[in-house]
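S.K.: Sharing a structure, written as structure tokens. Questions coming.
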């Protein structure tokens, strides 16, 4: 929690209305996102109960599972969901563009657009991850066959869930997270997970303050929870009798009637959230996207293209768990993405940069002196190294020699030469510039800041950092368990090891076992 | 009756004290700094009723589906005299699966005190003098009646769990119906199960100690039995609860010193649900609470305390309060940030931070407007 964000929350509480914490939008929004609101059955292991899904506000399709404990019905649900989701995904596999790689020596192709899924909250992302896990290994032949769309749905859902872990990705977005990225409310982070309350703070209905509307939205009989968990009162009073009535229906007429009853109940639970999702989307769409948002979406398009190719080549489903090397590589990738995302948001948004100014990693100052023609000839060959002096009132906690850059001049490096405290708490900073000034010993006009300009300099850098190198799987070091054995023997060897943490029996069978035990 | 007990009885009103269970004892470890909670729980006040009386009813419903599923899974695991359970537990502990084990259901019968005596007698009966004897027969005990001292009161615990005696040691076996998928369980549920199990380990140890048996015979490694992946197949895991044991022990010790806490509680303090709501609300306000958003998930009185904590930065979460320089009061934060209020010497640093934050926020928002 940065002080700036905490202060925005304090202001929101005092004002009774949410306060912006971003001046631009930090995520990509598809022209036609697929909104998906899952509901699950309480007590079960991620058993779907219902879902509302669609890519336009007037086009919400309701899927229900009248007997969530029934295995066949759960797979029927997966098939129905696949019937909406897979065509949606496929619709983005039309045009491609060429991207040069390896400094123009090669070219690869990526799809011009990518699918985007929106769910209400992080628990919705978890639901999809587990639904992906429970369907992606299903077999389409053998003793318990499922329709071919089911494992395909599982693989795509797993793809989306993995992208959701990737900082800065917009492939699968939880609405509460997207909203709190741009607004601070006067309630805690726990309470912000409740979509109706969060939206009440940001856009309260007429005549109510954000705080009043949020208090109202906490009553599950007024605003049903945004899932996947349902309100226990709803379960006990309405849902359980309706499910029992459906199970007890002994003829077709009674069954149709009971089904309609159940459908009506679940529709009433889902519709308010459905409307909130599109309202939230509208609020986000009203913000201008940040300059680097489309670059990050390119990354999503790359990932989408790569996974679609993987599936087209008959690639295997994602493993249950990463091996040591794959896990290390994934962690490294996520850390790099997190770092890049933080830098890009600060570069795109002065309000985010202000957080770094408050901690002394960035400052805004006025250029008071500039020597645009300075040449450093101490080396083998003279180089253009202009210097500028800035005066700032902000704390500068940057050591001499550090490398800084300015969001408005990302291609230019500025080395700190002097940091001198001056009168009235001001600080003078002398920077030596390199890069982004053309070739030769004369800077191209406008490439060196001029006296009187106000500029922000920060230690956050957009410079490319090469990724780490990881060994091949068969060269896994002994510190990480050594190379994996070919058979399942390695699993049982580690399984018996002592240790306090939760240990789990190794799954020895490569193929899944059927869930025939669902009663 | 000691004077403290009398005090607590007066606070509670003319109703019997609420019975603690492992869940409520586990919940006590959640917010140890809250005096209001310590006093109310120590007195055994009916907090759900109290919350309703003061106009802030708790929202802790449990779905029928979850309850049914839990019961079905438990019955399945315990079926056939615990043969399957014994195999799971023995394999997980890495000991040979005993050919047979006795199954004793301690659940039936008489009053709690009598049952507790029976549990104590049967659990320690025929226990060999040294725990090295691997030949002694394995034994499973269902529904043992355990007891703990909570705030000077003997609390009976009726866990649904099984105490397994294998290879000379006792293990608490907790059956939970949340799934473990690819070796991972819901962290919140796992954490709750660990604290609850720790309460049982503690109670079982006290039981042995009372029978002059080495309490360390109860292993701090609890066997957790959960459904595997998306199936109903049970799978056992070991859960080390040593850390939770320390936490629970500390909180119980603290509640034993309730006398000290009570000296700061006004003499006319009452939480008797029979009193009128205004008196109750006024009375509660006299004993300081320490509201944090986490309370919403664990304490029945949380909505009342949240309402009371309006205008406090801590109500937004402890990280928010810390990020605001530890200033507790919202108006003070805004006044210091706006410079309308001179900072005390010890607030100087926080005030400078808040002024800078206010200036930077205004700066960034006007620049783009």
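The values are calculated or read from the model by the stated rules, or taken from the named source; none is laboratory data. Since we're looking at a predicted model, the values are computed, not measured. FYI the Cβ positions are ideal-geometry reconstructions off the backbone, even for glycines, and counts take in every protein chain you see.
S.K.: Mind checking which residues of the range A:40-65 are part of a loop (DSSP other than H, G, I, E, B) and within 14 Å of chain B (Cβ to nearest Cβ)?
M.R.: Answer for the range A:40-65, where residues must be part of a loop (DSSP other than H, G, I, E, B) and within 14 Å of chain B (Cβ to nearest Cβ): A:41, A:42, A:43, A:44, A:45, A:46, A:47, A:65.
S.K.: So which pairs qualify, if the first residue must be in the range B:184-209 and free of Cβ contacts under 8 Å to residues at least 40 places away in the same chain, the second must be surrounded by fewer than 24 Cβ atoms within 10 Å (Cβ to Cβ), the Cβ gap must be under 6 Å, and the two must be at least 6 apart or on different chains?
M.R.: B:186/B:178; B:189/B:178; B:205/B:215; B:209/B:215
S.K.: Have a look at A:278, A:297 and point out the one that is more than 19 Å from residue B:63 (Cβ to Cβ), assigned by the TED database to the domain that holds residue A:122, touching a strand residue (DSSP E or B) at 6+ places or on another chain (Cβ under 8 Å) and touching a residue at least 24 places away in the same chain (Cβ under 8 Å).
M.R.: A:278 is the lone residue from the list that is more than 19 Å from residue B:63 (Cβ to Cβ), assigned by the TED database to the domain that holds residue A:122, touching a strand residue (DSSP E or B) at 6+ places or on another chain (Cβ under 8 Å) and touching a residue at least 24 places away in the same chain (Cβ under 8 Å).
S.K.: May I pose another question? Could you list, in sequence order, all residues of the range A:225-257 that are part of a helix (DSSP H, G or I) and farther than 23 Å from residue B:69 by Cα?
M.R.: A:252, A:253, A:254, A:255, A:256, A:257
S.K.: Among the residues of the range B:168-189 satisfying the criterion of being in a loop (DSSP other than H, G, I, E, B) and surrounded by fewer than 19 Cβ atoms within 10 Å (Cβ to Cβ), which is modelled with the lowest pLDDT?
M.R.: B:168
S.K.: Being within 20 Å of the chain's Cα centre (by Cα) and farther than 23 Å from residue A:237 by Cα: is that true of residue B:19 here?
M.R.: So residue B:19 fits the description; yes.
S.K.: Determine which single condition residue B:177 fails, assuming it passes every other condition in (1) more than 14 Å from chain A (Cβ to nearest Cβ); (2) over 20 Å from residue B:243 (Cα atoms).
M.R.: Among (1) more than 14 Å from chain A (Cβ to nearest Cβ); (2) over 20 Å from residue B:243 (Cα atoms), the lone unmet condition for residue B:177 is (1).
S.K.: Conditions first: (1) at pLDDT 85 or above; (2) surrounded by 11 or more Cβ atoms within 10 Å (Cβ to Cβ); (3) within 29 Å of the chain's Cα centre (by Cα); (4) assigned to a loop (DSSP other than H, G, I, E, B). Residue A:456 passes all but one, so which condition is the exception?
M.R.: Result: residue A:456 fails condition (4) only.
S.K.: If you go through the range B:190-199 one residue at a time, do you hit one that is surrounded by fewer than 16 Cβ atoms within 10 Å (Cβ to Cβ), within 14 Å of chain A (Cβ to nearest Cβ) and modelled with pLDDT of 80 or more?
M.R.: Yes: the range B:190-199 contains one or more residues that are surrounded by fewer than 16 Cβ atoms within 10 Å (Cβ to Cβ), within 14 Å of chain A (Cβ to nearest Cβ) and modelled with pLDDT of 80 or more.
S.K.: Which is more than 7 Å from every other protein chain (Cβ to nearest Cβ), closer than 23 Å to residue A:118 by Cβ, surrounded by 24 or more Cβ atoms within 10 Å (Cβ to Cβ) and in contact (Cβ under 8 Å) with a residue 24 or more places away in the chain, of A:36, A:29?
M.R.: Going through A:36, A:29 in turn, the sole match is A:36.
Yes/no matrix, rows are residues, columns are (1) exposed (fewer than 12 other Cβ atoms within 10 Å of the Cβ); (2) touching a helix residue (DSSP H, G or I) at 6+ places or on another chain (Cβ under 9 Å):
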site: A:398; (1), (2): no, no
site: A:439; (1), (2): yes, no
site: A:445; (1), (2): yes, no
site: A:464; (1), (2): yes, no
site: A:469; (1), (2): yes, no
site: A:473; (1), (2): no, yes
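S.K.: Can you find a residue that is under 30 Å from residue B:16 (Cα atoms), more than 14 Å from chain A (Cβ to nearest Cβ) and buried (at least 19 other Cβ atoms within 10 Å of the Cβ) anywhere in the range B:209-217?
M.R.: no
S.K.: Only one of B:37, B:64 is within 28 Å of residue A:229 (Cβ to Cβ) and touching a helix residue (DSSP H, G or I) at 6+ places or on another chain (Cβ under 7 Å); which?
M.R.: So the residue among B:37, B:64 that is within 28 Å of residue A:229 (Cβ to Cβ) and touching a helix residue (DSSP H, G or I) at 6+ places or on another chain (Cβ under 7 Å) is B:64.
S.K.: Then there is this: In the range A:101-122, is there at least one residue being surrounded by fewer than 20 Cβ atoms within 10 Å (Cβ to Cβ), within 19 Å of the chain's Cα centre (by Cα) and touching a residue at least 40 places away in the same chain (Cβ under 8 Å)?
M.R.: yes
S.K.: Considering each residue of the range B:226-248, count those that are facing another protein chain (nearest Cβ under 9 Å) and assigned to a strand (DSSP E or B), and give that number.
M.R.: Looking only at that region, the number is 8.
S.K.: In addition: Say we look at the range B:124-153 and pick out the residues that are more than 21 Å from residue B:83 (Cβ to Cβ) and at pLDDT 75 or above; which of these is surrounded by the fewest Cβ atoms within 10 Å (Cβ to Cβ)?
M.R.: Of everything passing the filter in the range B:124-153, B:149 is surrounded by the fewest Cβ atoms within 10 Å (Cβ to Cβ).
S.K.: What helices (runs of 4 or more DSSP H) lie completely within the range B:268-369 and have 2 or more residues being within 11 Å of another protein chain (Cβ to nearest Cβ) and either within 30 Å of residue A:364 (Cα to Cα) or free of Cβ contacts under 8 Å to residues at least 24 places away in the same chain (or both)?
M.R.: So the answer is B:318-323, B:330-338, B:348-368.
S.K.: Please indicate, with yes or no, whether at least one residue in the range A:364-374 is within 29 Å of residue B:323 (Cα to Cα) and in contact with a helix residue (DSSP H, G or I) (Cβ under 7 Å, 6 or more places away or on another chain).
M.R.: The answer is yes, given that some residue of the range A:364-374 is within 29 Å of residue B:323 (Cα to Cα) and in contact with a helix residue (DSSP H, G or I) (Cβ under 7 Å, 6 or more places away or on another chain).
S.K.: Right, something else. Within the range B:52-72, which residues are more than 7 Å from chain A (Cβ to nearest Cβ), within 18 Å of residue A:219 (Cβ to Cβ) and more than 19 Å from the chain's Cα centre (by Cα)?
M.R.: Those that are more than 7 Å from chain A (Cβ to nearest Cβ), within 18 Å of residue A:219 (Cβ to Cβ) and more than 19 Å from the chain's Cα centre (by Cα): B:52, B:54, B:55, B:56, B:57.
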